[in-house]
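A short worksheet on the structure shown next.
The values are calculated or read from the model by the stated rules, or taken from the named source; none is laboratory data. Everything numeric here is computed off the predicted structure, so don't read it as measured data. Counting neighbours? That spans all protein chains shown, and the Cβs are built from the backbone with ideal geometry, glycine included. Quick note on the areas: whole protein, heavy atoms, side chains included, nothing else; ligands and nucleic acids left out. Shrake-Rupley method; radii C 1.70, N 1.55, O 1.52, S 1.80 Å.
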Amino acid sequence: MFSITVRDHIMIAHSFRGEVFGPAQKLHGATFLVDATFRRQQLDQDNIVVDIGLATQELRLITAELNYRNLDDEPDFAGVNTSTEYLAKVIADRLAERVHKGNLGEGAKGIAAVSVTLHESHIAWASYERAL
């Protein structure tokens, strides 16, 4: 399996509901390093997984929708605990939609999976991987 990863970052604010979250139930900020990995069995006709420029551009468009936002105020996240794991899924799903729409080029149709990892710090991160 071949893969390529592109990177961006987001800074968000949010709060959680539930005792399991302890002090994070209060409004707090988080900065995430965002890695998006695209996987495929065979390289395309240009011997690449996906166009790095297009992948970077599409990831940046998605992260711009989240960056500097209080997610508690965003209609898409009403009533949702926007955990690191959940946000990784949101970003992966949005990337998958863009692959299906052709935003990452014709060669991207051979992508088998997309994985998104959100790094909370140098010692903790969460990922979500989905098939296309």
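Length gained on full extension, Val80 to Lys101: 4.9 nm, using 0.36 nm per residue less the C-alpha separation.
Size descriptors for the chain (Cα atoms only): Rg and Dmax, in that order, 15.6, 52 Å.
Count Lys and Arg as plus one, Asp and Glu as minus one, and take only other residues whose Cβ is under 13 Å from that of Asp8; the net charge is then 0. For the chain, modelled as a GNM whose springs connect Cα atoms under 10 angstrom apart, the maximal fluctuation among Val80, Val34, Val90 occurs at Val80. Of the chymotrypsin sites (Phe, Trp or Tyr not before Pro) in the range 1-74, the ones in a loop by DSSP (not H, G, I, E or B) with at most 14 other beta carbons within 10 Å are Tyr68. Taking Cα centre as origin and charging only the Cβ of basic (Lys, Arg, +1) and acidic (Asp, Glu, -1) residues, the dipole magnitude of the chain rounds to 120 debye. Each residue, Gln57 and Ala131, gets one label point 7 Å from its Cα in the Cβ direction; the gap between the two is 3.0 nm. Shown is the FRET efficiency for Ala24 and Ser3, computed with R0 = 22 Å from the Cβ-Cβ distance and rounded to the nearest 0.05: 0.10.
Using a probe of 1.4 angstrom and keeping all protein chains present, the accessible surface of the range 39-132 works out to 55 square angstrom per residue.
In the chain, the portion of solvent-accessible area held by carbon and sulfur atoms comes to 51 percent [1.4 Å probe, whole percent, DNA, RNA and ligands not counted]. Look at where the Cα atoms of the range 1-56 and of the range 67-132 average out, and the two centres are 6 Å apart. Taking every alpha-carbon pair under 8 Å whose residues sit at least 6 apart, the chain reaches a relative contact order of 30 percent. Remark on Glu120: its backbone amide H falls under 5 Å from those of Trp125, Ala126, a criterion applied only to residues 5 or more positions apart or on other chains, H modelled at 1.01 Å from N. 3J(HN,Hα) along the range 37-52: 10, 10, 10, 7, 5, 10, 5, 6, 5, 9, 6, 10, 7, 7, 5, 4 Hz, from the Karplus curve 6.51 cos²θ - 1.76 cosθ + 1.60 with θ = phi - 60°, whole Hz, x for Gly and Pro.
Bridging of Lys109 to lysines at a Cα separation below 22 Å is possible for Lys89, Lys101, once same-chain residues fewer than 8 apart are set aside. Heavy-atom accessible surface of Thr5, to the nearest 10 Å², is about 70 Å², with a 1.4 Å probe and all protein chains retained.
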